[in-house]
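The values are calculated or read from the model by the stated rules, or taken from the named source; none is laboratory data. Note that the structure is a prediction, hence the values are computed from the model and not measured. A quick note on method: Cβ atoms are made from the backbone with ideal geometry, for glycine too, and the neighbour counts reach across all protein chains shown. To get the accessible areas, we keep the full protein, side chains included, count just its heavy atoms, and leave off ligands, DNA and RNA. Shrake-Rupley method; radii C 1.70, N 1.55, O 1.52, S 1.80 Å.
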Amino acid sequence: MVALAALALLTGCGAPPALSQPATPTGTPSAPPAPTSVPTPPVSPATGLPSALPGRTSPSTDPGLVATPCRSGPTGQQVIDLLRGPAAVLPDGVRVRVTSGPLCAGDWQYTVLDVTGHEELQVVTRGRPSAPELVTAGTDVCTAEVRAVGAPGIRTLACDGGTVGMTGA
């Protein structure tokens, strides 16, 4: 126990002066040795986010990282019109109401619809806000395309069923 305490004292303060200075003839003063350590740059604290690759935007500025309410579209009505029109997912007579979204992450959008007499319908679209293109619609929208190339904020909603990355959730 005493040996451990002595070792702790020695390692905490460095080597004793008798060991750190070379032996010199008695009576000849010697200068202390110059420091040999090289200063290192400060290290940023870890954020838990991946660091940016050269040529890529940093994660904090990546518009696809977080799903937020779409500012410039599409609107919920545009998503419903897409499903009733070219996609032919919804018949004309069924009542539909937007319950969540559209939420945007990059050029991807996620919307949840309440369809009278049916289960909740999730919709993933992508493309220009004024003309979204249907990626998938259904009760499980975690398709291979969404998983492989979807914006991270949309992938979280579609595949993990969570609210991670949504502001205000």
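A quick yes/no check of all residues on (1) open to solvent by 40 Å² or more (accessible area, probe 1.4 Å); (2) basic (Lys, Arg); (3) not in a strand (DSSP E or B):
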| site | (1), (2), (3) |
| --- | --- |
| Gly73 | no, no, yes |
| Ala87 | no, no, yes |
| Tyr110 | no, no, no |
| Gly117 | yes, no, yes |
| Val124 | no, no, no |
| Pro129 | yes, no, yes |
| Val135 | no, no, no |
| Ala148 | yes, no, yes |
| Ile154 | no, no, yes |
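Scan segment 75-85 residue by residue and report those that are under 19 Å from Ala158 (Cα atoms) and open to solvent by 40 Å² or more (accessible area, probe 1.4 Å).
Once the filter is applied, which keeps residues that are under 19 Å from Ala158 (Cα atoms) and open to solvent by 40 Å² or more (accessible area, probe 1.4 Å), segment 75-85 yields only Thr75.
Only residues that are of a type outside the set (Asp, Glu) and surrounded by fewer than 19 Cβ atoms within 10 Å (Cβ to Cβ): list them for segment 97-108, please. I'd like the intermediate steps shown before the answer.
Of the residues in segment 97-108, the ones of a type outside the set (Asp, Glu) are 97-106, 108.
Those that are of a type outside the set (Asp, Glu) and surrounded by fewer than 19 Cβ atoms within 10 Å (Cβ to Cβ): Arg97, Val98, Thr99, Ser100, Gly106.
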